[in-house]
Amino acid sequence: MLREYEFTVITRGDLSETDNAKVLTDYEQYMTKDGGEIIKKDEWGTKRLSYPIKKFFRGYYTIYDYVGQSEHLAEMERRMRIDDNVLRYMAVRLGENVDVEERRAELAKKEAAEAERKQRK
């Protein structure tokens, strides 16, 4: 059964772009296993943390909206717990038995409405 998740990952802020991309690509492979799909990937970039995590004051934020199986999510979380490059992660289940194309259309409609709202200002 495919479920929709919002998955936030904070990686070390001192990683180079290529190292950070490599770390995230490894986890993206788990997301797309067995029919899983990344609907949206939103990279916020390096931000200052509210408090130090593992003695780091900056972290690179990446938010995924993806559809996948819970077994793959559990494996990703297990690997992130032992990965020194990942400072924090959080998964929130948004729905069950999600139609991927319908969800993509909803997100595109939201983005278009937000862009239109920004233009009016």
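The values are calculated or read from the model by the stated rules, or taken from the named source; none is laboratory data. In this text the structure is predicted, and so the values were computed from the model without any measurement. Neighbour counts run over all protein chains shown; Cβ positions are idealised from the backbone, glycine included. Surface accessibility is based on the protein's heavy atoms, side chains included, excluding ligands, DNA and RNA. Shrake-Rupley method; radii C 1.70, N 1.55, O 1.52, S 1.80 Å.
General remarks:
- Thr25 being of a type in the set (S, T, N, Q), over 12 Å from the mean Cα position of the chain (by Cα) and not in a strand (DSSP E or B): no
- In the condition set (1) within 20 Å of Ser16 (Cα to Cα); (2) surrounded by 12 or more Cβ atoms within 10 Å (Cβ to Cβ); (3) without any contact (Cβ under 8 Å) to a residue 24 or more places away in the chain, Arg48 is compliant with all but (2).
- Residues considered: Glu114, Glu75. Of these, the only one that is part of a helix (DSSP H, G or I) and more than 30 Å from Asp14 (Cβ to Cβ) is Glu114.
- All positions within the range 65-121 that are open to solvent by less than 60 Å² (accessible area, probe 1.4 Å) and polar (S, T, N, Q): Gln69, Ser70, Asn85
- Residues in the range 27-42 that are loosely packed, with under 13 Cβ neighbours inside 10 Å and over 15 Å from Met90 (Cα atoms): 3 in all.
- Scanning the range 78-111 for residues that are within 28 Å of Asn20 (Cβ to Cβ) and part of a helix (DSSP H, G or I) turns up Arg78, Arg79, Met80, Arg81, Ile82, Val100, Arg103, Arg104, Leu107, Ala108, Lys110, Glu111.
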